Each structure stands twice: as structure tokens, then as C-alpha cells.
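Below is one structure, written out as C-alpha cells, with a few remarks after it.
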Amino acid sequence: MIKTGTLENQLEFYFGYKTFRTGQKEIISRVLQGKDVLGILPTGTGKSICYQLPARLQKGLTIVVSPLISLMMDQVKELRATNFKEVVALNSFLDFNQRKRIYRSLHQYKLLYVSPEILQQKELQHYLAKQHISLFVVDEAHCISQWGHEFRPDYQKLNQVIQLLGHPPILALSATATKDVQQDIIDSLKRPEMEKLIYPMDRSNIALSIQEVSNNEEKLERITSILSKYQVPTLIYFSSKLAAENVSIFLAERLPNHRIAFYHGGMEQMDRIAIQQQFMNNQIDVICCTSAFGMGINKNNIRLVFHYHFPSQIESYIQEIGRAGRDGEQSISILLYNRQDEFLPRQLMDSELPSDEDLSRVYRIIGQSIASKKAFPTDLTEFPLFFEISETQWRFIQAQLEKHGLILENSLQYEQSKLTKIFQLIRTIRDERLFFKQRKLHEMINWIQSESCLREALYTKFQEGYTSVDDQCCSICGINLQNFQPEEIQPHKVLASWEMKLRQLLVVGEQHETK
Amino acid sequence: MYIEGIILDGLNKLNMNRSIFGIYHILFGKKSVQSVQDASLFQLETYYGIYPTLSREHYVRIISKMKEDGLIEQASKDNHFTITNKGFNYLKSFHKTSIYQYINGLIFQGKDDLFLLRLYLLIQTYSNLHRNNNTFIPIVDNQEVMNWVKQFYRNHPKTTTNERLYAEMHQLLLCLTEKEAEFFVDRLTGYKYYGMSMDQLAVKYLLTRDDAHIFLRGITHQLMTQIVGRKEDYPILSQLIVEQKQRKFITDTAAKTYQLLRENYSIRQIAQMRKLKENTIYDHIIEIALYDENFSIQSFVSPNEQVEIISIIQRLKTYKLKQIKEHCRDSITYFQIRLVLARWKELLPEEARHD
Ligand SMILES: Nc1ncnc2c1ncn2[C@@H]1O[C@H](COP(=O)(O)OP(=O)(O)O)[C@@H](O)[C@H]1O
Ligand SMILES: [Zn+2]
């Protein structure tokens with residue numbers, strides 16, 4: 001093992017990369033000096049190395065809080081494959097005994113991935129408090145902010161855990177965080193001195209196109225005509241599961257040579273894995289999906305990203321188009337805009353937050369239950385039904401109640417006047433959020449309708465400057481599809497019979513492999 | 001095609017004794033006394049638990065579609081339906097399908113999913129190991145199954161396992177039609193290749209989403225039937241199926257009674273022949289009911305009587321014979337109550353007995 005030498009040597013020794021990518025070295029050296037860092041690096045540039053390398057170099061344990069279980073598992077698998085064995089992930093898939101075993105042997109690990117929910121467990125906290133924590137990493141840190149596009153209530157409780165662990169140095173990482181969100185992260189973690197290292201997120205190899213249409217048929221026409229010219233890895237984003245399914249079936253009929261599938265959060269786990277991995281393996285060309293697709297997807301040759309429906313925030317849009325062209329090659333993002341689409345996100349917003357009526361019903365039920373000592377559900381999943389609201393609405397209310405120290409449990413004692421006050425506050429916060437979301441939507445629509453360079457208008461909200469693009473910039477500056485000549489996919493040969501397929505799966509060696 | 005056939009078969013056998021949701025609960029595999037009992041009372045055991053992901057809303061949609069298509073008609077009672085002539089013809093063609101022959105719910109319920117998950121991951125694992133690839137994204141994201149495959153691998157170093165697994169799979173799939181084997185293999189995942197999702201399979205094989213599920217379920221039951229029937233031919237694959245509960249012990253004297261019952265002697269005759277009290281023969285019959293789940297209790301306690309006893313047990317939430325007897329009509333005997341209880345406790349998992 002090398003303990004000395006330049007950081008580059010160590011990067012190569014442990015990970016086999018010759019040079020750092022933009023931002024990595026700056027962030028890592030600050031971390032190694034024990035400083036608190038907020039790093040904003042565009043997706044796909046290698047945020048993970050920023051804590052994986054320090055974890056290997058430093059004494060003690062590095063904790064990584066990550067919201068995505070599948071992502072954690074993949075990283076652990078990859079790290080173990082590079083011979084870094086002192087790494088483990090704690091998530092709700094593990095059973096009680098497996099967790100227990102890990103808790104007792106924490107001292108053997110150098111890198112621990114946890115979900116924010118599990119980190120709230122008193123037992124784990126007890127064991128962690130006995131360890132020397134060299135670094136506390138908050139991955140996808142924008143989840144801390146209520147104003148972020150993926151708010152996770154449990155992220156706001158991280159500060160308490162950090163205190164309990166004796167204030168280790170913090171590294172907060174994100175790919176998309178506006179200035180407000182950055183400030184929220186710093187405030188919530190209570191580290192005003194945190195150093196911000198922010199790297200540009202504009203992607204000069206992605207051409208930005210907005211095409212206005214007057215109805216859905218026209219959208220389908222545009223997509224079909226472009227896809228019939230290009231058989232390349234493609235994503236088409238939708239705001240509804242049903243639309244994703246229907247369009248996928250429609251396109252499959254219109255484009256028989258393309259291999260098209262859909263993906264959304266309503267599918268069974270195994271089918272989700274299957275579709276994702278088929279796409280990774282070039283068994284599928286086109287995926288019609290909702291925003292549930294893409295997190296943690298590491299495919300570097302996606303060439304086309306369509307938005308059949310536009311997202312309700314610019315942040316989501318940037319993240320979704322950012323899945324194109326990770327390899328740096330020319331790629332195109334096409335947003336199909338129909339004025340009527342503006343209703344969709346509005347409806348969604350209304351259904352996500354509780355209405356006045358919902359709030360007074362929940363307030364009344366809680367009040368009555370306390371007064372009459374009636375039981376609350378013991379199973380957490382029963383609350384939405386108990387209050388007759390949706391799950392997302394309940395999650396919002398629950399987070400607010402918890403913030404005020406009100407946990408609904410049996411034989412709860414609570415003054416009516418305090419309860420009234422809390423619900424007044426909740427209503428104010430609901431209004432603020434609704435207002436905020438509307439503002440975000442407005443921002444998105446304004447950008448769609450902008451009449452000057454789309455690239456400039458998109459990125460200057462997040463950062464000081466951006467790299468200007470001469471050739472394929474945007475649909476305002478002009479895009480020339482003739483010059484877009486991406487490498488096409490060579491579809492696998494399809495084997496004729498089940499017997500051949502079975503042989504191929506189990507007994508055929510490397511040399512017979514189809515390409 | 002399949003889902004409608006199954007619902008028609010259910011309606012036919014329930015013969016207006018239950019609402020349309022009686023079938024739903026059987027398909028869904030509801031762990032309640034009523035559903036398990038219904039399944040056996042009305043000979044719908046083969047459908048028990050074959051569609052655990054079926055939602056109530058979706059089921060209602062299927063029913064309305066069947067009504068629209070003229071397969072069933074609303075009866076005078078709410079949520080009750082009768083089968084039309086068109087429906088009977090449909091049912092007849094369903095009875096001719098192989099899936100109808102294959103499907104065997106109550107026996108394989110719960111074991112079938114585990115069998116499939118283990119098989120998928122086992123094939124993916126050996127396929128990858130064969131190409132010397134140790135890291136891949138597992139198609140089955142279930143820790144228990146992963147642990148099982150790991151354990152299996154420890155006991156079966158790879159050198160010869162691939163060939164043997166292939167041979168067993170090949171042999172096994174020959175019991176299916178071409179189309180069924182094709183479907184099943186299309187679902188499998190291996191080295192740098194991921195199998196089709198249920199939706200993709202439905203499109204490719206021109207099935208509805210529901211039918212694709214049932215098609216797969218039927219195939220799986222057929223495969224399991226083959227394996228269980230000839231374990232010695234499938235040393236690897238038989239390990240994927242969790243063991244049946246240990247057969248219970250039956251006394252020699254009860255076995256003698258059982259033999260006579262099968263020769264169609266009545267209880268009184270058997271008592272006389274064996275010079276035993278009738279009550280002793282009753283005890284034997286309870287023992288037999290516990291021992292052999294295929295032993296039919298219908299000739300001792302009629303479906304109607306079973307329904308009455310069950311509803312009383314449910315209402316009183318008790319197993320106390322005396323209390324149950326007090327609430328039944330007089331003609332029902334202690335023996336009949338004990339017989340129902342014997343069956344019921346066997347069929348139901350602990351936690352569901354009291355709902
Ligand atoms: N310095 C580097 N040189 C070459 N490849 C790198 C470097 N750093 C990261 N990568 C690769 O870039 C990819 C994306 O890294 P990851 O950390 O997953 O990105 P993200 O920023 O999206 O979290 C990974 O495949 C990783 O191995
Ligand atoms: Zn431009």
C-alpha cells in the first residue's frame with residue numbers, strides 16, 4: 001500500500017484512473033485537510049471518487065448517506081470488485097440479524113453506505129457513536145431542501161446525527177442545486193463556514209431543441225420521423241405512466257425495427273431491473289419512461305432525449321437531459337411543447353399537497369382521537385386511509401407534525417390550542433410550497449418560451465457563465481440535423497429456438513457469443 | 001382468455017353461492033378461513049393464490065369487460081353473475097387449454113414464486129460464472145434468494161454444474177409445448193443479456209397482461225409437477241422447491257379404518273366389523289382428515305353444514321366445541337364440528353385463523 005505520493009498516484013493505485021476530472025482534486029484535498037465542503041458537480045462526472053478516495057486514505061469510518069438503495073448496492077458491488085472489501089451498505093432489505101451483525105462489526109469497515117431512514121435508528125446511532133468517523137458524506141444533498149426537487153424529510157434530521165457522532169467533517173454533494181438550495185444545505189447542516197466548490201453543469205455536447213406542436217398526434221409524428229432516421233439509445237420522458245405505456249406501444253407498431261419498451265415506478269421490481277439492464281446492454285433502443293427512470297443509470301451513449309411532457313421544474317429538466325452524451329459525443333435533447341400541457345403539472349401539484357378541506361379533516365380527526373382516546377393506526381401505512389388523503393399528502397403533513405414534535409401514537413396527550421396553532425402553521429407552509437412550485441413551473445414555461453439563446457437562458461440561473469457553442473447550440477441559434485450523425489446500434493442477433501437460447505445462456509463459451 | 005376462463009369456471013362452480021368477490025379472494029390467495037374453505041368446498045383449490053398481484057379495482061374492470069363481451073350477466077342479487085351461453089362455450093374452450101391442466105394453486109401457492117426467483121438467479125449466476133464474470137446486476141433483488149444461490153454455489157463448484165443444469169432444464173422444458181417453452185426461456189436472464197419483462201412477453205405472445213401472468217403461473221406449476229414427480233431426474237432443480245410439510249403420523253388402527261372407508265363401508269359397518277365403538281371410528285376419521293389433505297370430508301359434513309359451522313366459529317371467534325355446538329342447529333354433531341376444525345387449522349396459517 002502506498003501511503004505517500006501525490007494524489008494522482010493514489011488515484012491510479014486505487015482506482016486505475018490516470019487523472020482527476022474537473023473538481024475532484026480540489027474537493028478531495030479540502031476533505032483531506034478536514035474542511036467542510038459543499039461540492040456541486042454535474043451528474044456523471046464522478047462525485048463518488050470524492051469520498052471513496054478519502055475513505056481509503058483516512059483512518060476511521062466514512063459514512064455516506066444516500067437516498068437510493070439500488071445506487072448504494074451497485075457502488076458496493078463495484079468497489080468490492082476493485083478489491084476494496086471494507087465497504088458495506090445498510091438498507092431496509094437486510095433482515096434483522098444481518099443488520100445486527102454489521103452493527104457489531106462496524107470497526108472493520110472503512111466505508112458505510114446508509115439510507116437516511118436507517119440512520120435514524122437509535123441502535124445504529126449507538127454503535128456509530130463508538131466509532132471514529134473521519135468523514136460524513138451527504139450524497140444528493142439537495143434532498144435536504146424543501147425547495148429542492150426531491151425533498152426527503154429524513155434528510156433534515158441529519159444534523160442531529162452529526163452532533164451525536166461528535167461533529168465529523170462534512171462533505172455535501174449534489175448535481176443540481178440553485179443558490180437557495182445551496183444555502184438551505186449549509187443552514188440545515190449547521191456549518192456556516194462550509195466551503196462551496198461549484199462546477200459548471202452546462203453540457204456543450206447536448207443541443208437543446210424546443211419544438212412547439214398543437215396536439216399529441218403531432219408529437220408522435222415528430223418523434224417517429226426523427227427515430228426513423230436514427231437508431232440510437234433514446235429516452236422519451238412522460239409525466240404519466242399511462243402515456244408512457246401507450247406511446248411505447250404506438251411507436252413499436254410504427255417503428256418495427258426499433259426495440260422499444262416502457263418503464264415507470266408502477267412496474268414490479270424484477271421487470272424494472274430487466275428493462276434498465278436491457279437498455280444498458282443495447283437490447284433496447286428506446287425507453288418511454290417517467291421521471292422514475294434514470295437515477296443511477298450509467299449508460300454513456302444515450303444520444304436522444306425527448307420530453308413528450310415537460311417537467312415541472314428546470315432542475316428536473318437539466319437532470320433528465322443530462323443523461324444524454326455522458327461520453328462527450330454530440331447528443332440532442334428535444335422538448336415537444338404543446339400549450340395545453342401546462343395543465344398537467346398544475347393538476348399534479350394540487351394533488352400532491354393537501355387542500356384546505358384535507359387539512360381541516362385531518363385536524364378534526366386528530367383532535368377527536370385525542371379527546372376520545374381513540375386509537376391511531378399502529379401500522380404507518382394505514383394513515384393515509386385513516387385520514388382519507390393520498391400518500392404524498394400524508395407524507396407532507398407527517399413531516400410537518402414531526403417538526404413540531406407531534407408524533408401520532410396511542411394515548412397521546414396534546415392541548416387543543418397547540419394543535420390548532422400547528423395546523424395554522426402547516427397551512428402557511430403549504431401555501432408557501434404551492435407558491436414556490438408555481439413559481440418553478442412558471443420559470444420552466446418562461447424558459448420554454450424564451451426567444452433568445454436557450455442555452456444561455458437555461459444555465460445562467462445556476463452558475464456565473466457557460467461554454468458557448470458554435471455549431472449545434474439550440475433551436476433558437478439553429479440546429480442542423482444533417483450534421484448529426486451518431487453511431488448507430490448494431491442489434492444483437494436473435495436466436496431462433498428456445499433450445500439455442502438455453503444453450504447460449506448456460507453452456508456456449510465466449511467464442512460463440514453473438515455480437 | 002385464461003383469466004376469463006378461470007372466472008367463468010369459478011362462477012360455474014360457486015353456482016351463485018358467493019358474490020363475484022369470492023373468486024377474487026381465491027385468486028388473490030386471501031389468507032382467511034372463508035377463502036380457503038371456499039376453495040375446497042367448491043373445488044377451486046387449483047386457482048387458490050394464483051394471482052397475488054391482482055388488485056380489486058383491476059378485477060372489477062375485468063368483470064365489467066366480461067359483461068360487455070356478453071360472457072356473463074348481472075343476476076338479481078348485487079355482485080352476483082350468471083354465465084351466458086356464450087360464456088359456457090368460452091369455458092369449454094378454456095377447459096381444453098394446457099394451462100387449465102397445469103394450474104395447481106393450493107399445492108404450489110407461495111412455493112412457485114420462490115422456485116421461479118431461485119431459478120432466475122441461479123441461471124443468471126451460472127451463466128455469468130461460465131464466462132468468468134463475477135460482477136453483474138442480479139435480476140432478483142431479494143436477499144433471501146441471493147443467500148440461497150450463494151449457498152448453492154458453495155456446494156456446487158461450477159465446473160460441471162452448467163452442463164448438468166442445462167441438461168435438466170432442457171429435459172424439463174420438453175414437457176411443455178413449443179410456445180410455452182419459448183415463452184419461459186424468453187424470461188430468463190444470463191451473461192450480458194436480460195430476459196423479457198412481463199409486459200414485453202405479453203406483447204410478443206399476444207396475451208393480455210393478466211393472461212401473461214397466468215400463462216407463466218401455469219407453466220411454472222407444470223414444471224414443478226414434473227420435478228416433484230421425478231426428483232431423481234432433477235437433482236439440481238428439485239433443490240429449488242421447498243420441502244412439503246412432513247407427512248404426519250397415522251396410527252395403524254386409523255390406517256385400518258381408512259382402508260375400510262376406501263372400500264366404501266359405512267361408519268356403523270366399520271365399527272361392527274372391527275368391534276370398536278362408533279366414537280372411536282370418529283376419532284380415526286379426524287386423524288385421517290389431518291393426515292391426508294386429499295381425504296374428502298364432504299360425505300360426513302355437507303357443504304351447507306360446513307358453511308354454517310364456519311360462520312359460527314368466525315362470529316364467536318372461538319374453537320370451543322361446546323360453544324360452537326350451542327349455536328348450531330341441533331342436527332349438527334360434535335364430530336362434524338371437529339372435522340371442520342381439523343381441516344381448517346391445517347389449511348390456514350396461524351395468524352389468519354381468527355379473522
Ligand atoms: N477521474 C476519473 N477518471 C476516469 N473515470 C472516472 C473518474 N472519476 C470517475 N470516473 C467514472 O465516471 C463514472 C461516473 O462516476 P459517478 O461517481 O457514478 O458519477 P456521479 O457524479 O453521477 O455520481 C464512473 O463510471 C466512474 O468510474
Ligand atoms: Zn443557443
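Does A:LEU406 satisfy the condition of being away from every other protein chain (no Cβ under 14 Å), away from ligand 1 (no atom under 16 Å from the Cβ) and in contact (Cβ under 8 Å) with a residue 24 or more places away in the chain?
no
Assuming B:PHE183 fulfils every condition listed in (1) surrounded by fewer than 23 Cβ atoms within 10 Å (Cβ to Cβ); (2) in a loop (DSSP other than H, G, I, E, B); (3) within 12 Å of chain A (Cβ to nearest Cβ) apart from one, which condition is it?
Of (1) surrounded by fewer than 23 Cβ atoms within 10 Å (Cβ to Cβ); (2) in a loop (DSSP other than H, G, I, E, B); (3) within 12 Å of chain A (Cβ to nearest Cβ), only one is false for B:PHE183: (2).
I'm trying to understand the selection: among the residues of the stretch A:487-508, which are surrounded by fewer than 18 Cβ atoms within 10 Å (Cβ to Cβ) and either assigned to a loop (DSSP other than H, G, I, E, B) or away from every other protein chain (no Cβ under 14 Å) (or both)?
Correct list: A:GLU487, A:GLU488, A:GLN490, A:PRO491, A:HIS492, A:LYS493, A:VAL494, A:LEU495, A:ALA496, A:SER497, A:VAL507.
State all residues of the stretch A:331-389 that are among the hydrophobic types (A, V, I, L, M, F, W, C) and assigned to a strand (DSSP E or B); if no residue qualifies, say none.
A:ILE332, A:ILE334, A:LEU335, A:LEU336
Would you check if there is a residue in the stretch B:246-259 being within 14 Å of chain A (Cβ to nearest Cβ) and part of a helix (DSSP H, G or I)?
No: zero hits.
What pairs come up if the first residue lies in the stretch A:272-285 and is within 7 Å of chain B (Cβ to nearest Cβ) and closer than 15 Å to A:ALA252 by Cβ, the second is in a loop (DSSP other than H, G, I, E, B) and of a type in the set (Gly, Ala, Ser), and their beta carbons are under 9 Å apart, counting only those six or more places apart or on different chains?
Listed by first residue and then by second, the contacts come to A:ILE275/B:SER197; A:GLN278/B:GLY195; A:GLN278/B:SER197.
Which of the residues spanning the stretch A:213-267 are over 18 Å from A:SER333 (Cβ atoms), aromatic (Phe, Trp, Tyr) and surrounded by 17 or more Cβ atoms within 10 Å (Cβ to Cβ)?
Passing the criteria: A:PHE262, A:TYR263.
From the set of residues in the stretch A:364-380 that are closer than 16 Å to A:ILE407 by Cβ and hydroxyl-bearing (Ser, Thr, Tyr), which is surrounded by the most Cβ atoms within 10 Å (Cβ to Cβ)?
Here the residue is A:SER369.
Being within 11 Å of another protein chain (Cβ to nearest Cβ) and without any contact (Cβ under 8 Å) to a residue 60 or more places away in the chain is the requirement here; does B:GLN124 meet it?
no
Residues that are among the hydroxyl-bearing types (Ser, Thr, Tyr), farther than 24 Å from B:LEU240 by Cα and more than 14 Å from chain A (Cβ to nearest Cβ): does the stretch B:101-109 have at least one?
No, the stretch B:101-109 contains no residue that is among the hydroxyl-bearing types (Ser, Thr, Tyr), farther than 24 Å from B:LEU240 by Cα and more than 14 Å from chain A (Cβ to nearest Cβ).
Just the residues that are surrounded by fewer than 18 Cβ atoms within 10 Å (Cβ to Cβ) and not in a loop (DSSP other than H, G, I, E, B), please, taken from the stretch B:131-153.
Within the stretch B:131-153, B:GLN143, B:GLU144, B:MET146, B:ASN147, B:LYS150, B:GLN151, B:TYR153 meet the criteria.
One residue is enough: does the stretch A:463-485 have a residue meeting the conditions away from ligand 2 (no atom under 16 Å from the Cβ), farther than 21 Å from A:SER145 by Cβ and open to solvent by less than 40 Å² (accessible area, probe 1.4 Å)?
No: zero hits.
Can you find a residue in the stretch A:60-80 that is touching a His at 6+ places or on another chain (Cβ under 7 Å) and either away from ligand 2 (no atom under 16 Å from the Cβ) or farther than 18 Å from B:GLN143 by Cβ (or both)?
Yes, the stretch A:60-80 contains a residue that is touching a His at 6+ places or on another chain (Cβ under 7 Å) and either away from ligand 2 (no atom under 16 Å from the Cβ) or farther than 18 Å from B:GLN143 by Cβ (or both).
Would you check which residues across the stretch A:370-400 are among the small types (Gly, Ala, Ser) and at pLDDT below 80 and list them?
Correct list: A:ALA371, A:SER372, A:ALA375.
As an exercise: evaluate B:ARG61 against (1) within 14 Å of another protein chain (Cβ to nearest Cβ); (2) under 30 Å from A:GLN98 (Cβ atoms); (3) open to solvent by 50 Å² or more (accessible area, probe 1.4 Å) and give the number of the one condition it does not meet.
Going through (1) within 14 Å of another protein chain (Cβ to nearest Cβ); (2) under 30 Å from A:GLN98 (Cβ atoms); (3) open to solvent by 50 Å² or more (accessible area, probe 1.4 Å) one by one, B:ARG61 breaks only (2).
Among residues belonging to the stretch A:419-436 that are open to solvent by 40 Å² or more (accessible area, probe 1.4 Å) and not aliphatic (A, V, I, L, M), point out the one that is farthest from ligand 1 (Cβ to nearest atom).
A:THR420
Does the stretch A:252-263 hold any residues that are within 12 Å of chain B (Cβ to nearest Cβ) and in contact (Cβ under 8 Å) with a residue 12 or more places away in the chain, and which are they?
A:ARG259, A:ILE260, A:ALA261, A:PHE262, A:TYR263
For the stretch B:252-293, enumerate the residues that are in contact with a helix residue (DSSP H, G or I) (Cβ under 6 Å, 6 or more places away or on another chain) and open to solvent by 40 Å² or more (accessible area, probe 1.4 Å).
Across the stretch B:252-293, the qualifying residues are B:GLU278, B:TYR282, B:GLU287, B:LEU290.
Which of the residues spanning the stretch A:1-29 are open to solvent by 30 Å² or more (accessible area, probe 1.4 Å), within 11 Å of ligand 1 (Cβ to nearest atom) and part of a loop (DSSP other than H, G, I, E, B)?
Hits for the stretch A:1-29 are A:GLY16, A:TYR17, A:LYS18, A:THR19, A:PHE20, A:ARG21, A:THR22.
Quickly run through the stretch A:30-70 and pick out the residues that are open to solvent by 30 Å² or more (accessible area, probe 1.4 Å), within 13 Å of ligand 1 (Cβ to nearest atom) and in a helix (DSSP H, G or I).
Once the filter is applied, which keeps residues that are open to solvent by 30 Å² or more (accessible area, probe 1.4 Å), within 13 Å of ligand 1 (Cβ to nearest atom) and in a helix (DSSP H, G or I), the stretch A:30-70 yields only A:SER70.
Starting from the stretch B:268-284, keep only residues that are among the aliphatic types (A, V, I, L, M), then list their pairs with residues that are exposed (fewer than 12 other Cβ atoms within 10 Å of the Cβ) whose Cβ atoms are within a distance under 7 Å, requiring at least 6 positions of separation or different chains.
B:ALA271/B:LYS277
Does A:LEU336 satisfy being farther than 30 Å from A:LEU208 by Cβ, buried (at least 19 other Cβ atoms within 10 Å of the Cβ) and either in contact with a helix residue (DSSP H, G or I) (Cβ under 6 Å, 6 or more places away or on another chain) or outside the structural domain of A:TYR263 (by TED's automatic domain parsing) (or both)?
No.
Which of the residues spanning the stretch A:455-490 are in contact with a helix residue (DSSP H, G or I) (Cβ under 9 Å, 6 or more places away or on another chain), charged (D, E, K, R) and either within 16 Å of ligand 1 (Cβ to nearest atom) or in contact (Cβ under 8 Å) with a residue 60 or more places away in the chain (or both)?
Result: A:LYS461, single match.
Within the stretch B:29-51, track down each residue that is at pLDDT 75 or above and among the β-branched types (Val, Ile, Thr).
Answer for the stretch B:29-51, where residues must be at pLDDT 75 or above and among the β-branched types (Val, Ile, Thr): B:THR46, B:ILE50.
What are the pairs, 6+ residues apart or on separate chains, where a residue within the stretch A:174-196 that is more than 14 Å from chain B (Cβ to nearest Cβ) and more than 16 Å from ligand 1 (Cβ to nearest atom) has its Cβ under 9 Å from a residue that is assigned to a helix (DSSP H, G or I) and open to solvent by 30 Å² or more (accessible area, probe 1.4 Å)?
Going by the 9 Å Cβ cut-off, the qualifying pairs are A:SER188/A:GLN156; A:LYS190/A:GLN163; A:GLU195/A:ARG30.
Inspect the stretch A:344-360 for any residue being crowded, with 18+ Cβ neighbours inside 10 Å and closer than 26 Å to A:SER174 by Cβ and give the result as yes or no.
yes
The values are calculated or read from the model by the stated rules, or taken from the named source; none is laboratory data. From a predicted model like this one, the values you see are computed outputs, not experimental measurements. Glycine also receives a Cβ, built like all others from the backbone with ideal geometry; neighbour counts cover every protein chain displayed. Surface areas here come from the heavy atoms of the whole protein model, side chains and all, with no ligands, DNA or RNA. Shrake-Rupley method; radii C 1.70, N 1.55, O 1.52, S 1.80 Å.
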